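Note sheet for the following structure.
The values are calculated or read from the model by the stated rules, or taken from the named source; none is laboratory data. Just so it is clear, the structure is predicted and the values come from calculations on it, not from any experiment. Neighbour counts are summed over all protein chains in view; Cβ atoms, including those assigned to glycine, are modelled from backbone coordinates with ideal geometry. Please note that ligands, DNA and RNA were not included when accessible areas were found on the heavy atoms of the full protein model with its side chains. Shrake-Rupley method; radii C 1.70, N 1.55, O 1.52, S 1.80 Å.
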Amino acid sequence: MSTTQNDRLRELVEPLAAERGMDLEDLTLTQVGSRRVLTIVVDTDEGVQLDECAELSRAVSEILDQRNALGDAPYVLEVTSPGVDRPLTERRHFARSLDRMVALHLTDGSTLTARVRAVDDEGLDLEVPGEKGRKPKRRRVTFAEIDKARGEVDFARGDSKQQQ
């Protein structure tokens, strides 16, 4: 679908998400067989609950139908939150990953998997797990040093919520 159509859809959806305290992270319209699938990804600092996705879905569906934004052809609307292994591209993504593991590809070509301990305007304070029983090490990485980043599935989450 055209960028212009995605831009128009984003203009309709973004205010609805913002009214509910959500950030519109992504919006894609794809053709799947004879149907189109509109996928909307939203997030908040606290995460997004299923009920919140359902509420936004109803509001989006209503405005799409009122404005005939997708025409008469059938479509499927999916409203979801980003997965654990989401790409991290904005400062707020890293802030929402506090106390979680992230995989970083750095501009020098190296890779690093570490737990985010603090985020500020310049970068991240990380805790790199020790290898073979060694203690974790602290490391500072600036945003300028990060080429790509994504969240990691973390079965041993190191924040106080999990340890209580």
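Summed over all non-identical Cα pairs, the Kirkwood treatment of the chain gives a radius of 17.9 Å.
Ranking request for peptides 54-64, 36-46, 127-137: highest mean number of other beta-carbon atoms within 10 Å first, then the rest in descending order.
Details: 54-64: 15.5, 36-46: 17.5, 127-137: 10.5.
Peptide ranking by packing, descending: 36-46, 54-64, 127-137.
When Arg117, Arg138 are compared by accessible area of protein heavy atoms, the largest-first order is Arg138, Arg117, using a 1.4 Å probe.
On full extension, the segment bounded by Arg67 and Phe143 gains 23.3 nm, given 0.36 nm per residue less the C-alpha separation. FRET efficiency for the pair Asp108 and Val153, taken as 1/(1 + (r/R0)^6) with r the Cβ-Cβ distance and R0 = 30 Å, rounds to 0.75.
Can you compute the helix-only [θ] at 222 nm over the chain? Use -39500 (n - 2.57) per DSSP H run of at least 4 residues, normalise by all residues, nearest 500 deg cm²/dmol.
-8000 deg cm²/dmol
Between 0 and 90 degrees, rounded to the nearest ten: what's the tilt of helix 3-19 against the longest Cα principal axis of the chain? The angle comes out at about 70 degrees.
Can you tell me the orientation of helix 50-67 relative to the chain, as the angle in degrees between its alpha-carbon axis and the longest Cα principal axis, to the nearest 10? With rounding to tens, the tilt is 30 degrees. Across the alpha-carbon atoms of the range 21-109, the computed radius of gyration and Dmax are 15.9, 50 angstrom. With the simple spin-label model, which puts each label point 7 Å out from Cα in the Cβ direction, the Asp99 to Lys135 separation comes to 2.2 nm. FRET efficiency for the Arg117 to Val32 pair, using the beta carbon distance and R₀ = 45 Å, is estimated at 0.65. Backbone geometry of the range 36-47 corresponds, through the Karplus equation with coefficients 6.51, -1.76 and 1.60 at θ = phi - 60°, to 3J(HN,Hα) couplings of 9, 10, 9, 10, 10, 10, 10, 8, 9, 4, 9, x Hz, x marking Gly and Pro. Annotation: extensible slack from Gln49 through Thr4 equals 13.2 nm (criterion: 0.36 nm per residue apart, minus Cα-Cα distance). Here the range 4-133 is assigned +1 on the Cβ of each Lys and Arg and -1 on the Cβ of each Asp and Glu. Its dipole about the Cα centre then comes out at about 440 debye.
Once backbone amide H atoms are built at 1.01 Å from N, Arg117 has Asp99, Asp125, Leu126, Glu127 as its partners under 5 Å, excluding neighbours fewer than 5 places away on the same chain.
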